[in-house]
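The values are calculated or read from the model by the stated rules, or taken from the named source; none is laboratory data. If you're wondering where the values come from, they're calculated on a predicted model, not measured in any experiment. With ideal geometry, Cβ positions are generated from the backbone for all residues, glycine too; neighbour counts draw on all protein chains shown.
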Amino acid sequence: MKIVLSQIFPLGRFHATPWKVFPYDDPHGEWPPSPWRLLRAILARSYQLERESGAVNDTARESLVRAFAQSEIHWHLPDFTWRGPGLRQYQPAEFKKMPAAAKEPGMFTYNTTKVQDNFWLTAEDKPLYWTLTGEHWNETAISLLDACLARMTYFGRAESITTIWRIPEAEASLPERLNCTVSATSTSDSVPVLYPRPDVTLEQLQLTTDDKAVRNSTVPPGAIWKFALRPPRPAARPQPRRSSPQLPPVKVLQFALGSRIAPTLDHVALIANWFRGRAVKFFLEDECGVEKGNWQKANASQKEAVALLSGKSANQEKLNGHKHARFGLYLDPETGKPTRLLAWRSVPFTPAEQRAIGRAAFHPFSLGFRERSPNRRGASQRDPWKIHCVPLDSVVPLPPGFDSSQAFLEWESMTPFVPARHAFDRRGKPKPGEDPLTQLHKELERLSLNTVEVVCLNRNNQPTPNNELGNGEWVKTHRTKRQSGDPSNTSKRGFRFRIIFSEPVFGPIALGHSSHYGLGLFVPVDDAQL
């Protein structure tokens, strides 16, 4: 026969400590409540019933004990129950003369001590279900059980106000009410509960912790420890996911730069490369589901999806036509220090790409280069100085040359132009047909840009005497991972030019080696706008 009990705690708390467990050392708290505690509470109410009606005797109690102890007991615990914060309160401890000094009169009263009050929180309207399945439940035992449950006002400590009743058998056939079972062996996730043995006697159940039979034992006679496996706590109801704002298609994204030490020209390609790498990683991770955004673990379709950010096809070949994104630093014309980080492309960035770029800007960048110990065995380290990026809203105007609605006749170098091919031989003399000026003209012809004049500039963007090329300036360029083992230096000679076109030209313009990483960037001359 199956008996189902429904129990609620109107105050939302169940106060109890396992049998003879010191409250301050209690690692679990008693949850679920032990069947030993419930059976003893039922027997206590039977004496109240006997005082009221006189119709209860030990024979009826023994019948109830036999039916209860020989039943298989399980629970259905309410959802969202958790151990509450421990309370400390004063409780009576010993009845003696207070104060204890013989010189003072004093009086007999209870001495108090502060104790730990452990409890479990549970929903006020979510019942705890007990299921007792056994063969010895008869009409006498069930009748006594119902009468005792009706008189139970607290369970555990006096703070645990409770209401408990038996559910009729017709309503008690729901299998989902069993979510907490017991076993004889413990696991890392189980908690101990005290069960009555099948042969427990009425006398054993009525012993207290002060009786000699249980004074030096952690298990009272007639009881046994079993181990209950609580159900996993269900996930809290997720917050409704706010729909991401619809990002308009844009061709230029800009971020303000903040750092204690201003980057130099040697950091332009380095920072742009880091930024691009992070944007690609976050795109693969967030939009394609690639573990940790690892390019090597991405399949062909995922690599194609990020091709306009990475600049590589699924076969790891460079994209033709320079249609993929460019990244670079914008230098303040007066101070020459970088103030913004820009990402631009001829094709507008998709919302997914904008989110990936925005996440890349959220993490600060190290300003230093990666260094290793002399024996190349130590861990690589970077300079501790960081660069922080702050997204700029669309109300912030774009720098000159990046607004597609503005065209200019004259453009000059903001960052040095580095020839894409070797422009000098081993003696340091320009190769015929490969000198920097010739390579610049070829780049302009490839873009179908007609020029009137190209003026060579020095490091201060001033025209050189007799329009001589000069020695240029050394600047670090981008190197691919395939070239990382190449012993050649990453520093290349760059040159500055002023270009005068035959008709106004729309920007931005970036030419030469590492032009996708901020080098070879040209900006318009202030008074040359049409």
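The residue that is modelled with the lowest pLDDT, counting only those in region 119-162 that are acidic (Asp, Glu) and over 26 Å from ASP26 (Cα atoms), is ASP125.
Among the criteria (1) crowded, with 18+ Cβ neighbours inside 10 Å; (2) not assigned by TED's automatic domain parsing to the domain that holds LEU205, the one PRO33 does not fulfil is (2).
Yes/no per residue for (1) closer than 27 Å to LEU329 by Cβ; (2) at pLDDT below 90:
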site	(1), (2)
ARG376	no, yes
LYS386	yes, yes
MET414	yes, no
PHE417	yes, no
GLY433	no, yes
GLU445	no, no
ASN450	no, no
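Residues of region 278-302 that are touching a Lys or Arg at 6+ places or on another chain (Cβ under 6 Å) and either hydrophobic (A, V, I, L, M, F, W, C) or not assigned by TED's automatic domain parsing to the domain that holds ALA360 (or both): PHE282, VAL290. Checking GLU94, GLU62 one by one, the residue that is loosely packed, with under 13 Cβ neighbours inside 10 Å, under 58 Å from the mean Cα position of the chain (by Cα) and not in a loop (DSSP other than H, G, I, E, B) is GLU94 and no other. Could you please find all residues in region 382-399 being surrounded by 20 or more Cβ atoms within 10 Å (Cβ to Cβ) and part of a loop (DSSP other than H, G, I, E, B)? Within region 382-399, LEU398, PRO399 meet the criteria.
Would you check if there is a residue in region 46-57 being at pLDDT 90 or above and under 28 Å from SER217 (Cα atoms)? There is at least one residue in region 46-57 that is at pLDDT 90 or above and under 28 Å from SER217 (Cα atoms). In region 65-91, the residue that is surrounded by the fewest Cβ atoms within 10 Å (Cβ to Cβ) out of those that are in contact with a strand residue (DSSP E or B) (Cβ under 8 Å, 6 or more places away or on another chain) and basic (Lys, Arg) is ARG88. The number of residues in region 309-322 that are modelled with pLDDT of 85 or more and touching a strand residue (DSSP E or B) at 6+ places or on another chain (Cβ under 9 Å) comes to 3. Summed over region 323-354, the residues that are of a type in the set (Lys, Arg), within 21 Å of GLU443 (Cα to Cα) and surrounded by 14 or more Cβ atoms within 10 Å (Cβ to Cβ) give a count of 2.
Candidates LEU38, LEU5, LEU11: the one that is in contact (Cβ under 8 Å) with a residue 40 or more places away in the chain and in a helix (DSSP H, G or I) is LEU38. Exactly one condition in (1) closer than 30 Å to PRO508 by Cβ; (2) in contact (Cβ under 8 Å) with a residue 40 or more places away in the chain is not met by LEU229; state its number. That leaves (1) as the condition not met. Reported count of residues in region 136-165, each being exposed (fewer than 15 other Cβ atoms within 10 Å of the Cβ) and in a helix (DSSP H, G or I), is 5.
Among the residues of region 232-244, is any modelled with pLDDT of 85 or more and either in a loop (DSSP other than H, G, I, E, B) or farther than 17 Å from THR350 by Cβ (or both)?
At the first step, the residues of region 232-244 found to be modelled with pLDDT of 85 or more are none.
Looking through region 232-244, none of the residues is modelled with pLDDT of 85 or more and either in a loop (DSSP other than H, G, I, E, B) or farther than 17 Å from THR350 by Cβ (or both).
Quick test for you: out of GLY328, GLY289, GLY321, GLY336, pick the one residue that is over 27 Å from PRO400 (Cα atoms) and not in a helix (DSSP H, G or I).
Working: GLY328 fails: over 27 Å from PRO400 (Cα atoms); GLY321 fails: over 27 Å from PRO400 (Cα atoms); GLY336 fails: over 27 Å from PRO400 (Cα atoms).
Answer to the selection: GLY289.
Residues of region 19-30 that are over 10 Å from ASN118 (Cα atoms) and either buried (at least 18 other Cβ atoms within 10 Å of the Cβ) or touching a Gly at 6+ places or on another chain (Cβ under 8 Å) (or both): TRP19 alone.
The set of residues from region 141-160 being within 14 Å of LEU64 (Cβ to Cβ) and out of contact with any Lys or Arg (no Cβ under 9 Å at 6 or more places or on another chain) comprises just one member, SER143. Any residue in region 303-322 that is surrounded by 17 or more Cβ atoms within 10 Å (Cβ to Cβ), within 32 Å of the chain's Cα centre (by Cα), outside the structural domain of VAL523 (by TED's automatic domain parsing) and more than 25 Å from GLY507 (Cα to Cα)? Yes, because at least one residue in region 303-322 is surrounded by 17 or more Cβ atoms within 10 Å (Cβ to Cβ), within 32 Å of the chain's Cα centre (by Cα), outside the structural domain of VAL523 (by TED's automatic domain parsing) and more than 25 Å from GLY507 (Cα to Cα). Note on region 186-222: residues that are under 26 Å from PRO78 (Cβ atoms) and either in contact (Cβ under 8 Å) with a residue 12 or more places away in the chain or surrounded by 18 or more Cβ atoms within 10 Å (Cβ to Cβ) (or both) amount to 10.
So, in region 303-342, how many residues would count as being touching a Lys or Arg at 6+ places or on another chain (Cβ under 8 Å) and among the hydroxyl-bearing types (Ser, Thr, Tyr)? Number of matching residues: 3.
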